[in-house]
Structure formats: C-alpha cells, structure tokens
C-alpha cells in the first residue's frame with residue numbers, strides 16, 4: 001500500500017513538473033519574441049482579441065489581433081524599440097504574466113504582458129506599455 005502511495009506521489013510530481021516546464025518554455029518563447037524587438041514575431045502570440053494600452057493613450061479593450069499588430073508595429077517603429085529586459089514573471093492556473101522593460105537607445109518603457117492558456121498554448125490577452 002505504501003508503495004502505491006509513493007508511486008502516485010512520484011507520478012504527480014513528474015506530471016506537475018512537465019506541465020510547469022511547458023508553461024515556462026512557452027513564456028520563454030514570448031520573452032524571446034519581446035527581446036527580438038520584432039513586432040511581427042510578438043504578434044504570433046497575440047490572442048484573437050487583446051486589451052492594449054500604449055503609453056498615454058486610453059486602453060483599448062477587445063482590439064482585434066490585426067489591429068493590435070498594426071498598433072504594436074507603429075509603436076515599435078515610432079519609439080525605436082531595440083530590446084526587452086525581463087523583470088519578473090509568474091502566474092496561477094491558466095493565467096501567466098511577464099513584467100519587464102522595453103529598451104531604446106535612450107530610454108525604457110515598462111511593459112506588463114498577461115497571457116492565458118488556450119488549447120495548451122499561451123496567448124497574449126493584455127499588453128500595457130507605460
């Protein structure tokens with residue numbers, strides 16, 4: 001009986017580790033996209049509808065992926081975004097967040113990215129840049 005309990009515990013830890021490492025590797029892929037400073041690469045991780053806030057502009061809720069892609073591309077071009085530095089990340093359940101700084105040659109912008117797991121893949125549902 002003790003053997004079965006131990007076996008179940010070991011299997012639980014292994015499965016938990018696999019699921020956690022999968023979410024972590026997907027987060028790492030989004031971080032790599034942000035570090036690339038390539039808005040087209042970032043766009044691949046956008047959900048169908050996104051809440052987007054860029055600097056002093058009002059937050060736009062439920063912006064389509066295509067509109068968000070255009071807004072991001074314009075923001076990156078207009079502000080000369082060159083990279084990204086991750087400050088922290090975390091999450092609970094199917095929600096994950098990434099906090100960091102978008103860098104330019106002269107200044108940086110704070111960015112918060114919220115992702116949600118859908119069909120086993122993480123998608124950006126909220127992006128706030130200030």
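Values quoted throughout were computed directly from the atomic coordinates according to the rules given, and no laboratory measurement underlies them. Predicted model only: the values in this text are computed from it and were never measured. No Cβ is skipped: glycine too gets one built from the backbone with ideal geometry, and neighbour counts run over all protein chains shown.
Per-residue packing, averaged as other Cβ atoms within 10 Å, sorts the ranges 88-98, 55-65 into the order 88-98, 55-65, beginning with the highest. The simple spin-label model puts a point 7 Å past each Cα toward its Cβ; for residue 87 and residue 110 those points are separated by 0.5 nm. Compared with the direct C-alpha span, the chain from residue 41 to residue 58 gains 3.7 nm at full extension, assuming 0.36 nm per residue.
Between residue 95 and residue 121, the simple spin-label model (points 7 angstrom out along Cα→Cβ) gives 2.3 nm.
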